[in-house]
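Participant: This is the structure I want to talk about, given as structure tokens.
The values are calculated or read from the model by the stated rules, or taken from the named source; none is laboratory data. Source: prediction; values computed, not measured. Please note: Cβ atoms are built from the backbone with ideal geometry, for glycine as well, and neighbour counts cover all protein chains shown.
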Amino acid sequence: MLRITAEIKAVSELSSKLSFVAARRDGRLASLLAGLLLALTPLMAAAEDAAPYIYVLGIAQDGGYPQTNCYQPHCMRAWKDPAHKRLTSSIAIIDHQRGTKYLFDATPDMREQLYQLHIEAPDTSHVLDGVFLTHGHMGHYTGLMHFGREAVGAKSIRVFAMPRMQQFLSNNGPWDQLVGLGNIKLAPMRNGVPVKLSDDVSVLPLAVPHRDEYTETVGFRINGPNKSALFIPDIDKWSKWDTDIRDLVRQVDYALLDATFFADGELGDRDMGEIPHPFVAETMDLFADFAEEDRARIIFIHFNHSNPLLIEGSAAQQEVEARGFRYATEGLRLPL
Ligand SMILES: [Zn+2]
Ligand SMILES: [Zn+2]
Ligand SMILES: [Zn+2]
């Protein structure tokens with residue numbers, strides 16, 4: 001299929017050159033070639049449709065939605081009606097042509113998420129070729145437990161981890177047992193060094209400032225054949241990062257960004273300074289002067305149970321849309 005895509009592109013380039021030359025000599029030849037081009041267009045579109053894509057498997061913050069012990073109205077609606085439940089933030093890359101799939105973060109909901117991934121990209125035809133971890137907070141790695149002896153008893157699942165994360169998993173139970181028994185095989189990542197998944201898909205870890213009690217924290221830049229994406233589910237504040245998020249967003253097609261809290265004061269009495277994140281309201285202000293098409297690249301994700309972006313039709317969702325931004329939903333597909 002890839003070869004076919006390349007050939008279609010070559011033929012199409014050649015025919016447009018030929019038609020330019022021919023147009024001045026022979027009108028009929030030019031229109032014939034123009035017709036050929038038209039006929040090729042749907043084929044080219046189909047090739048793009050077959051490109052690898054990002055598949056959103058979860059949108060909630062580490063604790064999921066509804067959250068343990070929360071019986072306030074915003075969570076009660078989901079306790080009472082499971083249709084409102086949302087899984088912890090995670091995405092996958094699916095490549096149907098190569099029969100591969102990759103998971104980003106192993107969440108406490110990984111059991112459910114691997115099933116959703118199987119429905120979209122069946123295990124009979126797609127190999128889980130790797131799991132990329134952002135950091136050592138509960139919502140981002142504890143799902144690895146399902147690969148262990150008590151459950152899957154997996155064999156050598158590649159887990160891409162930064163140096164401190166590798167140390168953490170290798171030297172602390174129960175995770176060291178997964179390493180020792182070979183359920184998972186740690187694959188090193190370095191800040192700013194791309195991991196190549198195939199000829200046209202690579203994943204670049206980017207270190208970000210966060211509460212790094214046990215491990216460092218990274219986001220990812222994913223480069224595909226046609227499009228690219230950022231996935232930064234956790235960061236303290238944009239201003240604490242030595243990279244300008246505005247520059248980075250300009251360089252990609254999709255930016256899945258930390259939207260833990262919608263606005264200051266959301267947690268009542270709890271001091272939000274202890275758990276810093278960029279508020280959605282702050283991020284929208286930071287990008288307010290971007291052109292409409294650039295604002296639309298930003299897709300909010302990783303919502304705390306208190307974040308009204310979890311509630312369909314909320315004023316918060318309407319405000320995000322009105323200001324030209326987007327919010328992630330489970331099952332969202334983003335072609336690369
Ligand atoms: Zn998190
Ligand atoms: Zn709640
Ligand atoms: Zn975190």
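Participant: Return the total of residues in the range 216-236 being within 16 Å of ligand 1 (Cβ to nearest atom) and not in a strand (DSSP E or B).
Facilitator: 6
Participant: Looking at the range 121-146, which of the residues that are more than 24 Å from R190 (Cβ to Cβ) and hydrophobic (A, V, I, L, M, F, W, C) is nearest to ligand 1 (Cβ to nearest atom)?
Facilitator: Ranking the qualifying residues of the range 121-146, first place goes to M138.
Participant: Yes or no: the range 297-320 includes at least one residue that is hydroxyl-bearing (S, T, Y) and within 18 Å of the chain's Cα centre (by Cα).
Facilitator: So far as the range 297-320 goes, no, none of its residues is hydroxyl-bearing (S, T, Y) and within 18 Å of the chain's Cα centre (by Cα).
Participant: Within the range 60-76, count every residue that is under 27 Å from the mean Cα position of the chain (by Cα) and touching a residue at least 24 places away in the same chain (Cβ under 8 Å).
Facilitator: Let us first name the residues in the range 60-76 that are under 27 Å from the mean Cα position of the chain (by Cα), namely 60-68, 74-75.
Now restrict to residues that are touching a residue at least 24 places away in the same chain (Cβ under 8 Å): 60-67, 74-75.
Looking only at that region, the number is 10.
Participant: A further question on this structure: I'd like the full set of residues that are closer than 26 Å to M138 by Cα and surrounded by fewer than 23 Cβ atoms within 10 Å (Cβ to Cβ), limited to the range 244-260.
Facilitator: Once the filter is applied, which keeps residues that are closer than 26 Å to M138 by Cα and surrounded by fewer than 23 Cβ atoms within 10 Å (Cβ to Cβ), the range 244-260 yields only I245.
Participant: Taking the stated definitions as given, is R250 within 15 Å of E321 (Cα to Cα), touching a helix residue (DSSP H, G or I) at 6+ places or on another chain (Cβ under 8 Å) and charged (D, E, K, R)?
Facilitator: no
Participant: To continue, here is another question. Given the criteria within 28 Å of R333 (Cα to Cα), modelled with pLDDT of 95 or more, of a type in the set (G, A, S) and part of a loop (DSSP other than H, G, I, E, B), does G192 qualify?
Facilitator: Taking the combined requirement at face value, the residue satisfies it.
Participant: Residues that are in contact (Cβ under 8 Å) with a residue 60 or more places away in the chain, at least 2 per element: which strands (runs of 3 or more DSSP E) completely within the range 243-336 meet that?
Facilitator: Hits in the range 243-336: 254-258, 333-335.
Participant: Right, here's the next one. What is the number of the single condition among (1) out of contact with any helix residue (DSSP H, G or I) (no Cβ under 9 Å at 6 or more places or on another chain); (2) of a type in the set (D, E, K, R); (3) over 22 Å from T215 (Cα atoms) that R149 does not meet?
Facilitator: Answer for R149: the failing condition is (1).
Participant: When the residues of the range 88-99 are narrowed to those that are part of a strand (DSSP E or B) and in contact (Cβ under 8 Å) with a residue 40 or more places away in the chain, which ends up farthest from ligand 1 (Cβ to nearest atom)?
Facilitator: Top of the filtered list is D95.
Participant: Six or more apart or on different chains, Cβ atoms under 8 Å: show the pairs whose first residue is in the range 207-227 and under 24 Å from M272 (Cβ atoms) and whose second is among the polar types (S, T, N, Q) and surrounded by 24 or more Cβ atoms within 10 Å (Cβ to Cβ).
Facilitator: A207/T217; V208/T217; P209/T217; H210/T217; T217/T134; V218/T134; G219/T134
Participant: What residue, among those in the range 173-199 that are without any contact (Cβ under 8 Å) to a residue 24 or more places away in the chain and within 18 Å of T134 (Cβ to Cβ), is surrounded by the fewest Cβ atoms within 10 Å (Cβ to Cβ)?
Facilitator: Of all residues in the range 173-199, those without any contact (Cβ under 8 Å) to a residue 24 or more places away in the chain come to 173, 176, 179-180, 192-193, 196.
If we keep only those that are within 18 Å of T134 (Cβ to Cβ) too, we end up with 192-193.
Values: G192: 11, V193: 9.
In this case the residue turns out to be V193.
Let's see how each residue does on (1) more than 16 Å from ligand 3 (Cβ to nearest atom); (2) out of contact with any Gly (no Cβ under 9 Å at 6 or more places or on another chain); (3) assigned by TED's automatic domain parsing to the domain that holds E213:
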| site | (1), (2), (3) |
| --- | --- |
| A106 | no, no, yes |
| E112 | yes, no, yes |
| Q116 | yes, no, yes |
| E120 | yes, no, yes |
| M138 | no, no, yes |
| Y141 | no, yes, yes |
| G153 | yes, yes, yes |
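Participant: Within the range 154-165, does at least one residue satisfy the condition of being surrounded by fewer than 14 Cβ atoms within 10 Å (Cβ to Cβ) and among the charged types (D, E, K, R)?
Facilitator: yes
Participant: Which of the residues that make up the range 56-87 are part of a loop (DSSP other than H, G, I, E, B) and either touching an Asp or Glu at 6+ places or on another chain (Cβ under 7 Å) or more than 16 Å from ligand 3 (Cβ to nearest atom) (or both)?
Facilitator: I59, G64, P66, T68, N69, C70, Y71, Q72, D81, K85, L87
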